[in-house]
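Report on one structure; see the data block that follows.
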Ligand code: ATR
């Protein structure tokens with residue numbers, strides 16, 4: 001009997017318990033997934049002590065603790081180290097080992113939706129945003145073999161900082177949002193990683209897509225609403241869409257794989273999650 005959980009704050013409305021309980025129900029793995037809400041005003045160290053006593057087999061970490069967890073780990077996966085944030089911990093041989101499945105989960109979701117990308121690693125990608133999610137996605141795209149990934153962000157210094165661990169083989173230009181809008185036709189894949197367009201601000205979009213190439217793949221990690229204004233505008237330009245809720249499923253799939261060695265089939269769950277999010 002496995003015991004899993006999620007730490008974060010606030011997490012009462014998190015979709016993770018639903019996703020992982022669906023995973024458990026679809027395999028012969030017996031277990032439970034609980035919500036462990038931690039008040040950020042309380043001592044984190046004390047709470048980690050209590051968490052150790054629970055002896056969970058694994059747990060996820062969400063905001064605001066993805067960085068605070070790091071000093072409490074016994075080992076840290078290389079990718080999580082580069083990203084500087086952990087969203088998954090496995091308890092193995094008495095040790096807490098930290099991973100970050102967000103970026104890799106995102107890339108898996110993109111490649112599963114558009115498998116032709118597998119042989120098109122030389123395409124030009126544009127990533128919008130330079131926050132925590134962007135950092136994970138950028139390094140996972142590089143690890144996947146993409147080499148031309150430009151970054152645009154409102155604050156240029158954050159975009160510059162994000163590239164600190166990039167290999168010399170990576171071609172990354174940092175652009176202002178205005179410059180990115182002007183040169184949008186240069187890109188084959190555009191990935192929106194900021195929270196702009198998320199409910200209750202669904203009327204907003206981070207940039208004009210006037211110059212978008214018709215065959216472009218356009219992705220938005222926002223999943224509430226599922227079809228953001230950004231994606232609606234991209235669709236009207238003839239773009240191929242990639243939706244944010246799939247990242248949520250794939251990062252969970254990877255976490256479950258780390259905990260149990262089981263690879264979960266996502267097709268039916270994807271439909272169920274979409275229907276749930278669409279209300
Ligand atoms: P996360 O960890 O979810 O990625 P984050 O670290 O707070 O969140 O990053 C938020 C990203 O959204 C950043 O790229 C941020 O731009 P800045 O670096 O300039 O702050 C971007 N962002 C958030 N609100 C924005 C807005 N209204 N306009 C433009 N960019 C915005």
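None of the figures in this text is laboratory data; all of them are computed from the coordinates on show. Given the structure is predicted, the values throughout are model-derived calculations rather than measurements. Here the Cβ positions follow ideal geometry from the backbone for every residue, glycine too, while neighbour counts run over all protein chains shown.
Key figures
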| quantity | calculated |
| --- | --- |
| Mean Cα-pair separation over length for the stretch 98-151, i.e. relative contact order, pairs under 8 Å, 6 or more apart, % | 49 |
| Tensor-based shape of the chain (alpha-carbon gyration tensor, a/c under 1.5 rounded, otherwise prolate or oblate) | prolate |
| Calculated log₁₀ intensity ratio I(q)/I(0) where the Debye formula runs over C-alpha points of the stretch 104-243, q = 0.15, 0.16, 0.17, 0.20 Å⁻¹ | -0.67, -0.77, -0.88, -1.28 |
| Taking 1, 198, 127 and counting other C-beta atoms within 10 Å, the order from fewest to most | 1, 198, 127 |
| Sorted peptide list for 41-49, 155-163, criterion being average Cβ within 10 angstrom, highest first | 155-163, 41-49 |
| Difference of contour (0.36 nm per residue) and Cα-Cα distance, residue 262 to residue 224 | 10.8 nm |
| Exposure proxy order (Cβ contacts within 10 Å, fewest to most) of 193, 3, 246, 271 | 271, 3, 246, 193 |
| Packing-based exposure ordering (other Cβ within 10 Å, fewest first) of 274, 135 | 274, 135 |
| The chain: calculated mean residue ellipticity at 222 nm from DSSP helix runs of at least 4, using -39500 (n - 2.57) | -10500 deg cm²/dmol |
| Extension gain (nm, one decimal) between residue 276 and residue 15, 0.36 nm per residue minus Cα-Cα | 93.0 nm |
| DSSP bridge pairs, the chain: antiparallel proportion in percent, nearest 5 | 20 |
| Alpha-carbon centroids, the stretch 3-75 and the stretch 240-279: separation in whole Å | 18 |
| Distance from the stretch 184-233 to the stretch 101-160 (C-alpha centre basis), Å | 15 |
